[in-house]
1. Just wondering, is there one or more residues in the range 113-123 that are at pLDDT below 80 and within 19 Å of L64 (Cα to Cα)?
2. Scan the range 78-116 for residues that are free of Cβ contacts under 8 Å to residues at least 60 places away in the same chain, buried (at least 17 other Cβ atoms within 10 Å of the Cβ), under 24 Å from G45 (Cβ atoms) and in contact with a helix residue (DSSP H, G or I) (Cβ under 9 Å, 6 or more places away or on another chain) and jot them down.
3. Select from the range 41-60 the residues that are among the charged types (D, E, K, R) and in contact with a strand residue (DSSP E or B) (Cβ under 7 Å, 6 or more places away or on another chain) and list them in ascending order.
4. Name the residues in the range 12-46 that are open to solvent by 50 Å² or more (accessible area, probe 1.4 Å) and within 19 Å of L66 (Cα to Cα), would you?
5. Is one or more of the residues making up the range 56-71 at pLDDT below 95, open to solvent by 20 Å² or more (accessible area, probe 1.4 Å) and more than 29 Å from A163 (Cα to Cα)?
6. Which residue is nearest to the chain's Cα centre (by Cα), if the candidates are limited to the range 2-26 and must be among the acidic types (D, E) and outside any helix (DSSP H, G or I)?
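The values are calculated or read from the model by the stated rules, or taken from the named source; none is laboratory data. Values in this document were obtained by computation on a predicted structure and should not be read as measured data. Here the Cβ positions follow ideal geometry from the backbone for every residue, glycine too, while neighbour counts run over all protein chains shown. Note: accessible area is taken over every heavy atom of the protein model, side chains too, but ligands, DNA and RNA are not part of it. Shrake-Rupley method; radii C 1.70, N 1.55, O 1.52, S 1.80 Å.
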Amino acid sequence: LPAQILGAVEGREADIGLVRLPMEMQGLSTRATLESEAVCIMPKGHALEQLAEVSPDDLIDCSLVLLGRQRQIRHEIDMAFRQKRVQPRVALEVHSVSEACAHVARGLGVSIVNALLARHCPMGGITSRPFKPHIAYQLAIATLSHAPASPLHDTFTQLLVEAMVLPELAGQRPAKAG
């Protein structure tokens with residue numbers, strides 16, 4: 001969870017944390033911004049796979065596996081449904097993109113998640129389509145503001161960013177690093 005990640009960095013339990021921007025926490029700074037967008041993930045062979053993009057109107061009869069209501073991204077997803085006057089059929093609420101991917105792979109529904117993180121879900125059997133309206137993600141590496149610079153830390157951050165932006169899944173656009 002975002003607060004736990006930030007707390008771990010601030011409490012020096014972790015040297016870095018991957019966070020969604022904007023991030024508001026005194027004493028932390030961010031760098032290595034990654035940009036991504038929301039996608040609808042579905043089991044391979046699902047009817048939605050035929051669409052070029054997926055909107056709330058396309059999800060009227062679909063069971064949804066969504067991140068919990070306490071997440072900012074969930075508020076943005078809920079707003080997209082409200083704007084289209086579509087009542088989402090939430091079957092499961094989960095705490096992470098990897099959990100959403102696992103449930104989707106089991107055929108328990110479809111989900112709307114960060115494309116960058118979905119690309120790194122370990123299981124096969126899922127595919128994705130862009131979600132409209134566009135929901136942008138900006139992720140960054142958070143560190144303690146006053147922590148001394150470290151070549152090892154800098155190298156690790158660079159390798160992490162490079163690994164995350166590799167276009168590993170066919171049909172996925174790579175995220176943009178900034």
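1. Within the range 113-123 (the criterion being at pLDDT below 80 and within 19 Å of L64 (Cα to Cα)), the answer is yes, since at least one residue qualifies.
2. P88, V94, V97, A100, G109
3. Taking the range 41-60 and keeping what is among the charged types (D, E, K, R), we get 44, 49, 53, 57-58.
Once the filter is applied, which keeps residues that are among the charged types (D, E, K, R) and in contact with a strand residue (DSSP E or B) (Cβ under 7 Å, 6 or more places away or on another chain), the range 41-60 yields K44, E49, E53.
4. R20, K44, H46
5. Taking the range 56-71 as the starting set, the residues that turn out to be at pLDDT below 95 are 61, 67-71.
Next, only the ones that are open to solvent by 20 Å² or more (accessible area, probe 1.4 Å) stay: 61, 69-71.
So of that shortlist, the ones also more than 29 Å from A163 (Cα to Cα) come out as 61, 69.
Yes, the conditions are met somewhere in the range 56-71.
6. Filtering the range 2-26 for residues among the acidic types (D, E) gives 10, 13, 15, 24.
Now narrow it down to the ones that are outside any helix (DSSP H, G or I): 13, 15, 24.
Details: E13: 23, D15: 21, E24: 19 Å.
Among those residues, the one meeting the criterion is E24.
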